[in-house]
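The values are calculated or read from the model by the stated rules, or taken from the named source; none is laboratory data. Note that the structure is predicted; figures quoted are calculated from it, not measured. Backbone-built Cβ (ideal geometry, glycine too); neighbour counts: all protein chains shown. These area figures cover heavy atoms from the full protein model, side chains too; ligands, DNA and RNA do not enter into them. Shrake-Rupley method; radii C 1.70, N 1.55, O 1.52, S 1.80 Å.
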Amino acid sequence: MLDMDLLKAFVSVVDAGGFTRAGERVHRTQSTVSQQIRRLEDQLGHQLLVRDTRGVTPTAEGERLLGYARQILALGAEARAALTGAPPPRVVRLGIPDDFALVALTGVIAEFVRARPGVRLAVTCGLSRDLSSAMVRGELDIVLMKREPGSGPAEAVWPERLYWVAGRDAAPAPGTVELVAFRQGCLYRNRAVQALEKIGRPWRIAYECPSLIGIEAALAGGLGVAVLNARSIGPRLRVLDDPDLWPPVPPTELTLLVAERPCAATRDLAGLIISFCDREAGLEHAA
C-alpha cells in the first residue's frame, strides 16, 4: 500500500517546485519532506525527482506516478467527505503536452480559478500520446495535445507549422545532425528523424529533455538543432532555412479534446482554452 502522506509530500514538491515551499504547504520542515520523498523512492525502487539549480522536476517514473498520486489523494478526500457529510470539491483534470509553455496559460488558469473558487484544477504534463491514452482511460477531463492532422474528432483544432531551429548564435555543422529532442514518442522528434532520413542525412540524439524550457536552453547553448512550432521559437532561437540541409517538415495540429458528458466547470475551462489558442494562432499567422 502506498502511504497517503508520502504521496501528498511528493505531489506538493512537484506543484511547489521545491522542498522548502512544499514543506510550507504540508506544514513540515524541508528535511522532513526530503525524508518522505526518499522513503517513497525506496518503496517504489525508482528515483522520482531530479534536483538542480532551477528547482525540482519529476523523472520519467515520477511523471507516471504523479497522475496516480493525484487520483489516490482525490479519492481519499472524496471518501472523507462522504463520511463527514461535506461535499467533495469538484476537480477538473487538465492535460497539457510537455512542449506547451504552461506559463502562457497562467492567465487562463487564473481567470478560471477566480470564477470558480470551489473547483480544484489538477494539471498533468506529458507526451501527447500519453495524454490521449489517459483521456481514453477516463483519467483526464480536458486534453490539449499534438497529433497528425485530421486524425479524429475534436472540440477545436489549430494547424501547426514546424521549423528547424537552432540557437541564435549557433552554427550547426554540415555533417551529422546533432538533434535536441523531447522524449521518445514525441511527434516533433519523429518528424525530425523522418525528414532527415528522407534526404539521407545522418543524425543522432545529442540531447533529450522532457520540457520546452530545457529544449530551448540546450538550443541556445549550441548543443544542436530541433524541430519546433512557430509559437515556441523565442528570441534566443533562429530558424534554419537552407532547404538543402534542412528539409521541409510536414505540419501537425494542436487539438483540444473534452471528455464525454463534461461538467459545467470543464466546459468553462475548455472555452477559455479555446479562446486563448485562437488568439495565439492569430498572432502566429500575423507573424
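Numbers for the structure displayed
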| item | result |
| --- | --- |
| Any pair with Cβ under 6 angstrom, 6 or more apart, that starts in segment 171-185 at a residue that is more than 25 Å from residue 60 (Cβ to Cβ) and ends at one that is part of a loop (DSSP other than H, G, I, E, B) and of a type outside the set (Ser, Thr, Tyr) | 176/202 |
| Single residue of 210, 251, 202 found to be under 26 Å from residue 120 (Cβ atoms) and not aliphatic (A, V, I, L, M) | 210 |
| Index of the failed condition, residue 211 passing every other in (1) surrounded by 20 or more Cβ atoms within 10 Å (Cβ to Cβ); (2) closer than 25 Å to residue 95 by Cβ; (3) touching a residue at least 40 places away in the same chain (Cβ under 8 Å) | (1) |
| Residues satisfying the stated conditions in segment 7-24, i.e. closer than 16 Å to residue 123 by Cβ and either over 24 Å from the mean Cα position of the chain (by Cα) or in a helix (DSSP H, G or I) (or both) | 10, 11, 12, 13, 14, 15, 16 |
| Within segment 137-181, tally of residues that are open to solvent by less than 10 Å² (accessible area, probe 1.4 Å) and among the small types (Gly, Ala, Ser) | 3 |
| Residue check, residue 192 touching a strand residue (DSSP E or B) at 6+ places or on another chain (Cβ under 6 Å) and outside any loop (DSSP other than H, G, I, E, B) | yes |
| Test: residue in segment 87-107 that is touching a strand residue (DSSP E or B) at 6+ places or on another chain (Cβ under 6 Å), open to solvent by 40 Å² or more (accessible area, probe 1.4 Å), part of a strand (DSSP E or B) and under 24 Å from residue 20 (Cβ atoms) | no |
| Residue list for segment 222-240, restricted to those being open to solvent by 70 Å² or more (accessible area, probe 1.4 Å) and farther than 22 Å from residue 281 by Cα | 223 |
| Meets criteria (buried (at least 19 other Cβ atoms within 10 Å of the Cβ) and either within 20 Å of the chain's Cα centre (by Cα) or at pLDDT below 90 (or both)) for residue 270 | yes |
| Qualifying residue in segment 35-46 (condition: part of a loop (DSSP other than H, G, I, E, B), farther than 23 Å from residue 120 by Cβ and open to solvent by 40 Å² or more (accessible area, probe 1.4 Å)) | yes |
| Pair list, Cβ under 9 Å, 6 or more apart: segment 47-60 residue over 19 Å from residue 182 (Cα atoms) and modelled with pLDDT of 85 or more, other residue of a type in the set (S, T, N, Q) and not in a helix (DSSP H, G or I) | 47/59 |
| From the options 120, 114, 183, residue that is over 19 Å from residue 248 (Cβ atoms) and in a helix (DSSP H, G or I) | 114 |
| Residue that is nearest to the chain's Cα centre (by Cα), among those in segment 123-148 that are more than 14 Å from residue 66 (Cβ to Cβ) and in a loop (DSSP other than H, G, I, E, B) | 141 |
